[in-house]
Amino acid sequence: MLYVDPLEGLIVMEKVRGRTILSAAESLSRGELCSAMSKVGSELAKMHRSGVVHGDVTTANMILTESGDVYLVDFGLAKHAEDLEDLAVDVHLLIRVLESSHYSAKDEMFRCFLSGYREVIGEELARAILEKVREIRLRGRYVEERRLGNRTTISQK
């Protein structure tokens, strides 16, 4: 953002030029994709550390610029993080998006995301969040994962 005036209800924003990670993923090298996902992890961790959840962490809401910078966009569902569950829901949504939209690269993309995420949020909190993600995946809505013995891409590695 370039300028905010809450009294006037004015927000001046910069247009971020680039491609979404959703559209760019197929054409990126493994290294470029890993770097981008690590940056996504770092940016989301900064938000989480500040008590903000994105609410719609999809690769369609991640813009990769030509210089390799990554921007999270579309904060329409963002909110203040009330507890660990809120943070875990963001991470869980990302996992579901990777499983559905980036199946062949999902594990590597998530590993790279976690690398950047852990670096910023810290190992202890990252472990707690990932444990909460496991709990979420075992709930009724995700019965298939329960039936399969929770064979998911979530790991502490």
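The values are calculated or read from the model by the stated rules, or taken from the named source; none is laboratory data. Computed from a predicted model, the values in this text were never measured in an experiment. Here Cβ is always computed from backbone atoms with ideal geometry, including for glycine, and neighbour counts include all displayed protein chains.
Some points to look at:
- Residues located in region 71-106, provided they are charged (D, E, K, R) and either part of a helix (DSSP H, G or I) or within 14 Å of residue 57 (Cα to Cα) (or both): 74, 79, 85, 86, 90, 96, 99, 106
- Filter result (among the polar types (S, T, N, Q) and in a loop (DSSP other than H, G, I, E, B)) within region 10-49: 29
- A residue that is buried (at least 19 other Cβ atoms within 10 Å of the Cβ) and at pLDDT 95 or above occurs somewhere in region 80-88.
- Search result, residues across region 50-70 that are under 11 Å from the mean Cα position of the chain (by Cα) and assigned to a strand (DSSP E or B): 53, 62
This table checks each residue for (1) charged (D, E, K, R); (2) part of a helix (DSSP H, G or I); (3) at pLDDT 95 or above.
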| position | (1), (2), (3) |
| --- | --- |
| 108 | yes, yes, yes |
| 114 | no, yes, yes |
| 128 | no, yes, yes |
| 132 | yes, yes, yes |
| 136 | no, yes, no |
| 146 | yes, yes, no |
| 153 | no, no, no |
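- Checked against the criteria, residue 23 does not count as hydroxyl-bearing (Ser, Thr, Tyr) and closer than 21 Å to residue 131 by Cα.
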